1. Taking SER219, is it of a type in the set (Gly, Ala, Ser), under 19 Å from ILE113 (Cβ atoms) and part of a loop (DSSP other than H, G, I, E, B)?
2. For the subset of segment 171-185 comprising residues that are out of contact with any Lys or Arg (no Cβ under 8 Å at 6 or more places or on another chain) and open to solvent by 20 Å² or more (accessible area, probe 1.4 Å), which member is farthest from GLY238 (Cα to Cα)?
3. What is the one condition in (1) touching a strand residue (DSSP E or B) at 6+ places or on another chain (Cβ under 6 Å); (2) assigned to a loop (DSSP other than H, G, I, E, B); (3) not acidic (Asp, Glu) that THR239 does not satisfy?
4. Taking into account only those residues within segment 111-160 that are in a strand (DSSP E or B) and out of contact with any strand residue (DSSP E or B) (no Cβ under 8 Å at 6 or more places or on another chain), which is surrounded by the most Cβ atoms within 10 Å (Cβ to Cβ)?
5. Please find, among VAL278, VAL224, the residue that is under 24 Å from the mean Cα position of the chain (by Cα) and of a type in the set (Val, Ile, Thr).
6. ALA151: within 20 Å of VAL278 (Cα to Cα) and aliphatic (A, V, I, L, M), yes or no?
7. So for segment 99-107 (the condition being of a type outside the set (A, V, I, L, M, F, W, C), outside any loop (DSSP other than H, G, I, E, B) and modelled with pLDDT of 95 or more), does at least one residue qualify?
8. Taking only pairs six or more apart or across chains, which ones have beta-carbon atoms under 7 Å, a first residue in segment 243-266 that is assigned to a loop (DSSP other than H, G, I, E, B), and a second residue that is of a type outside the set (Ser, Thr, Tyr) and open to solvent by 80 Å² or more (accessible area, probe 1.4 Å)?
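The values are calculated or read from the model by the stated rules, or taken from the named source; none is laboratory data. From a predicted model like this one, the values you see are computed outputs, not experimental measurements. Cβ sites come from the backbone with ideal geometry, for glycine too, and all protein chains shown count toward neighbours. Please note that ligands, DNA and RNA were not included when accessible areas were found on the heavy atoms of the full protein model with its side chains. Shrake-Rupley method; radii C 1.70, N 1.55, O 1.52, S 1.80 Å.
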Amino acid sequence: MPTNEQRRQAAKRKLERQLANRAARARRRRIFAVVGTVVVVLLAVAGIYWLASDDDADPAAQPSDATTTESTPAAETTDGPCKYTIPPDDPPAKPVDPPADPDPTPKEGTVGITFKTDQGDIPLVLDQAKAPCTVQSAVHLSESKFYDGSACHRMVMKDNFKVLQCGGQGPDSNGGPGYTVPDEKPTDLQPAPDGSGASVYPRGVIAMANTGAPNSGSSQFFLVFGSTFLSPDYTVFGTIDEAGLAVLDKIGAAGDDGSLEPSPGGGKPKLPTTITSVTVAK
């Protein structure tokens, strides 16, 4: 049987535990109260900020005296059949006007152009029957000297993907002419044999680059010097002659620096290549 002293000690320990638990609960209540206050304040501030800054909020929910922002002007298009689109927020990286866009658009015959580069000349034959709006734009940019001094900023050297991409202006070589060209997607490419659903862009074709969005091509193009498997969403508008392919093979043999991996792939050509000028022979 426990003695009185033992009972007193047990009661004392029990009281100490109760006091400790009570103090801990009090601390937790104080912490929760502080946190709750902070959350309420932050939510209130966030609500004020949202009301003041959310561009997508329902206009009916805005105060009647709220200042409204002007909407972005709609894109313009040229008047001819190609309807080149001129976005209001995409000025040309180098001064150039959109093509004249005559009606009718020339849809027969070919146009010869030659990209003169610091690695050698790359002669091309552009096909007006296959991609009349794209050829019309490429000839216009060439005659307007838009391509002069532009670097071929991307090369890919992989199995089933061998291209040199050129045609942009500006510090990163991604600047365009301030307008976009309608898609003229190829219909005669062969399906890739790997079952991927891609198409084969054969060695020796030139095709328009784009952003992945419809009708987003502008000035950039890629020169294919080895069979390349891609979706059939890139306008093919001409071919490269054997002398031009020899130049591309030389550039490709030096490889790329891999600086654009993993996306969009490849990198800058290790043999730097710049289009110094373009000649057009109609």
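1. Details: of a type in the set (Gly, Ala, Ser): yes; under 19 Å from ILE113 (Cβ atoms): yes; part of a loop (DSSP other than H, G, I, E, B): yes.
Judged against the criteria, SER219 is a match.
2. Among them, the one singled out is PRO171.
3. Condition (2) is where THR239 drops out.
4. Top of the filtered list is GLY120.
5. Working: VAL278 fails: under 24 Å from the mean Cα position of the chain (by Cα).
After applying the criteria, what remains is VAL224.
6. Numbers: within 20 Å of VAL278 (Cα to Cα): yes; aliphatic (A, V, I, L, M): yes.
Considered against the rule, which asks whether it is within 20 Å of VAL278 (Cα to Cα) and aliphatic (A, V, I, L, M), ALA151 comes out as yes.
7. Quick first cut of segment 99-107, residues of a type outside the set (A, V, I, L, M, F, W, C) only: 99, 101-107.
Restricting the remaining residues to those that are outside any loop (DSSP other than H, G, I, E, B) gives none.
So far as segment 99-107 goes, no, none of its residues is of a type outside the set (A, V, I, L, M, F, W, C), outside any loop (DSSP other than H, G, I, E, B) and modelled with pLDDT of 95 or more.
8. Hits for this filter: ALA254/LYS270; GLY255/LYS270; ASP257/LYS268; ASP257/LYS270; SER259/LYS268.
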